[in-house]
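What follows draws every value from the coordinates through simple rules; no lab data is involved. These numbers come from a predicted model, not from an experiment. Cβ: placed from backbone, ideal geometry, glycine included. Neighbour counts: every protein chain shown.
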């Protein structure tokens, strides 16, 4: 079982990493963000879009609503500014979760009957919260690898070294 402290740390870490990656991607421009780089989703933009699509699905599922299905390869936010806004809103939702999701709520299970397919199994909410952070980290690493290959230094990705963590304060 996870705690609100865990969610807070991961939400803060995720915002830091997202801020870094999106700022760097602002700097490389539209053409470089959309160039097929052989990533699982092709381009940096499509990979970042995929992260937000899955975030939206999980956050919707956590709210007790069956998320909409979208076709594989569909880009939900083709406009870069719209994608940045969606990412910021999701980061805000995760930060709010750190304040609002109680231990009892996290331990509860969420299930929905899927009218388009198999029933979704009962999954503890805390597992889905861990998944949202894990999924982002996985795909963000694909983007940071692409940036590295372009000669862009994205800096540290280590939790203890995030700004404001205070782990090394004297």
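Determine the relative contact order of the range 43-170: mean sequence separation of Cα pairs under 8 Å and six or more apart, normalised by residue count, in whole percent. Walk me through the intermediate numbers first.
Details: 84 pairs, mean separation 34.2, N = 128.
Normalised by residue count, the contact order of the range 43-170 is 27 percent.
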Problem - Zone of residue 85's modelled label, taken as backbone nitrogen in the range 29-56 under 17 Å from a point 7 Å along Cα→Cβ - result: 49, 52-53, 56
Problem - Most mobile of 28, 51, 132 in a GNM of the chain (Cα contacts under 10 Å) - result: 28
Practice task
Determine the gain in length on full extension of the stretch residue 95-residue 3; use 0.36 nm per residue of separation and subtract their C-alpha separation, reporting nm with one decimal.
Solution key: 31.8 nm
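Taking Rh as the Kirkwood radius, which is the inverse of the mean 1/r over Cα pairs, what is the Rg/Rh value for the chain?
We get a ratio of 0.98 for the chain.
Hey, with R₀ at 25 Å, roughly what FRET efficiency would residue 76 and residue 145 work out to, going by the Cβ-Cβ distance, to 0.05?
0.60
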Problem - Within a Gaussian network of the chain (alpha carbon springs, distance under 10 Å), most fluctuating of 11, 95, 107 - result: 107
Fill in the blank from the handout: Ranked by GNM mean-square fluctuation in the chain (Cα springs under 10 Å), the top entry among 23, 136, 90 is 23
